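Shown next, in structure tokens, is the structure this report addresses.
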Amino acid sequence: MLDEQHTLLADLAAGPLRDALVATLCRHLSAEEQYLYPAVRGALPGGDALADRELAADRQLRVAARSPELGELIAGHVRRCERELFPRLRRSLDEVALIRLGNRVEIALEAAPSRPHPGLPDRPPLNKWVDPLVGAVDKARDALARRVTYPEDVW
């Protein structure tokens, strides 16, 4: 499945689907940085190093948001999360903590920026204040430009 995703992402050159992909990616990274990585730091042995590695990868994703290597970088991100990060969190956190974390991530997704902003803070507490403000500006810009930011709105 990752190979199929990688091929699809690599084939996207421009247009509404690419805009929706970039917006979805930006929202995803913002939510991870606000809630997932702090949970990793607090719950996992070696969590600081793991979170720092993922933050560096997130920075690389933001910079590459419109480049041909985006698909490969996303595929790597997905593999690391599915094979290492999420299984370790599932073993370390109880069900209530996992549900809370998921709820916080879902809420953060709605307020997050929809465009790449590599210079924004990527750690709490600053990103929890800045990202929703920048997200509001991005939403206004997206509406004015009639930019599609959700994949389901492409078709």
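List of remarks:
- Taking all protein chains as shown and a probe of 1.4 angstrom, Val96 keeps an accessible surface of around 80 Å².
- Note on the range 103-155: with charges restricted to the Cβ of Lys and Arg (+1) and Asp and Glu (-1), its dipole about the Cα centre is near 200 debye.
- Two-site label geometry, Glu152 and Leu120: point separation in nm, points 7 Å out along Cα→Cβ: 2.2
- Within the accessible area of the chain (1.4 Å probe), percent carbon and sulfur: 59
- Between 0 and 90°, nearest 10: helix 2-11 axis offset from the chain longest Cα axis: 30
- Nitroxide proxy distance, nm - points 7 Å out along Cα→Cβ at Glu106 and Asp142: 1.8
- For the range 14-119, the relative contact order works out to 54 percent when only alpha carbon pairs closer than 8 Å and six or more residues apart are counted.
- With Cα atoms, 0 to 90° folded angle of helix 126-145 axis to the chain main axis: 20
- At the listed q of 0.14, 0.22, 0.24 Å⁻¹, the Debye profile of the range 106-149, built from one uniform point per Cα, gives log10 I(q)/I(0) equal to -0.31, -0.71, -0.82.
- Candidates Ser67, Ala108, Cys81 compared by Cα position along the dipole of the chain: farthest toward the positive end lies Ala108, with charges placed on Cβ.
- Crossing angle, helix 47-63 versus the chain [Cα axis fit, 0-90 degrees, rounded to tens]: 0
- For the chain, alpha-carbon Rg over 2.2 N^0.38 Å: 1.04
- Considering only Arg66, Arg80, Arg115, the mean-square fluctuation computed in a Gaussian network model of the chain, springs between alpha carbons under 10 angstrom, is largest for Arg80.
- Computed 3J(HN,Hα) for the range 81-93, one whole-Hz value per residue from the Karplus formula 6.51 cos²θ - 1.76 cosθ + 1.60 where θ = phi - 60°, is 5, 5, 8, 10, 5, 5, x, 5, 5, 4, 6, 9, 10, glycine and proline marked x.
- Label point 7 Å beyond Cα of Arg91 along Cβ direction - residues of the range 30-45 with amide nitrogen under 17 Å: 40-45
- Both radii are taken from the alpha-carbon atoms of the range 51-110; with Rh as the Kirkwood radius, Rg/Rh is 1.04.
- Quotient of Cα Rg and 2.2 N^0.38 Å for the range 23-69, N being how many residues it contains: 1.22
- With 5 Å bins from 0: P(r) over the range 80-155, alpha-carbon pairs, percent: 3, 13, 17, 18, 18, 16, 10, 4, 1
The values are calculated or read from the model by the stated rules, or taken from the named source; none is laboratory data. Since the model is a prediction, treat every value here as computed from it, not as a measurement. Cβ sites come from the backbone with ideal geometry, for glycine too, and all protein chains shown count toward neighbours. Calculation scope for accessible area: heavy atoms of the full protein, side chains included, ligands and nucleic acids excluded. Shrake-Rupley method; radii C 1.70, N 1.55, O 1.52, S 1.80 Å.
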